[in-house]
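The next block holds one structure in the form of structure tokens; read it before the comments.
The values are calculated or read from the model by the stated rules, or taken from the named source; none is laboratory data. This is a predicted model, so every value here is computed, not measured. Counting neighbours? That spans all protein chains shown, and the Cβs are built from the backbone with ideal geometry, glycine included. Accessible surface areas use protein heavy atoms only, side chains included; no ligands, DNA or RNA. Shrake-Rupley method; radii C 1.70, N 1.55, O 1.52, S 1.80 Å.
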Amino acid sequence: MASFPSGVTIVTTVDDAGRRWGFTATSFCVVSMDPPLVLVCLSDSAECHPVFAKADRWIIHVIHPEHADLARRFATRGADKFADAGFVSDERGLPILPTASLRLDCTSHARQPSGDHTILVGKVADIDMTDRLPAIYFRRQFHTLAEGVTA
């Protein structure tokens, strides 16, 4: 699957005690326009899986190439993911990365176990978009989009 280029997202939430949790996901997809639904896939063995399995809200951040090291950190088990990473809390306490290319504020719509992952389907409640181009992940490397290139 490494030969399929994809965008890169960091997904964040908080648990009942207010502790921040997050993971990197390259499995991201638009599911529906009406209602606006998106999905990410989370490994069942991820440390944050129990938290996301019951979270009511989460934020999906589409990152840009300057966040490559941050994406690697959020994909690393046991890493201190939020230390000096630039996240701030929104009005509900959810961690947001203000410099992300795109942020999708999601409410839980559905969860579907599938193989060794859980598909998290979120209903998009709010969007915050910048003009920064997103990172592309291809063959285990981060790449940039060339602005203005069309097929």
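Okay, residues lined up against (1) in contact with a His (Cβ under 7 Å, 6 or more places away or on another chain); (2) open to solvent by 40 Å² or more (accessible area, probe 1.4 Å); (3) not in a loop (DSSP other than H, G, I, E, B):
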{"site": "R73", "(1), (2), (3)": "no, yes, yes"}
{"site": "R92", "(1), (2), (3)": "no, yes, no"}
{"site": "L120", "(1), (2), (3)": "no, no, yes"}
{"site": "F142", "(1), (2), (3)": "no, yes, yes"}
Conditions (1) open to solvent by 80 Å² or more (accessible area, probe 1.4 Å); (2) assigned to a strand (DSSP E or B); (3) within 23 Å of A17 (Cα to Cα): number failed by D84: (2)
Given the criteria outside any strand (DSSP E or B) and either without any contact (Cβ under 8 Å) to a residue 60 or more places away in the chain or closer than 15 Å to V62 by Cβ (or both), does G78 qualify? yes
Within the set of pairs 6 or more residues apart or between chains, which connect a residue that is more than 15 Å from V62 (Cα to Cα) inside region 135-151 to a residue that is open to solvent by less than 100 Å² (accessible area, probe 1.4 Å) and at pLDDT 65 or above with Cβ atoms less than 7 Å apart? E147/L133
Name the residue, out of P98, P113, that is farther than 16 Å from T26 by Cα, in a loop (DSSP other than H, G, I, E, B) and open to solvent by 40 Å² or more (accessible area, probe 1.4 Å). P98
Read through the list (1) more than 23 Å from T99 (Cβ to Cβ); (2) open to solvent by 70 Å² or more (accessible area, probe 1.4 Å); (3) out of contact with any Leu (no Cβ under 7 Å at 6 or more places or on another chain); (4) modelled with pLDDT of 90 or more, then give the number of the only condition that D44 fails. (2)
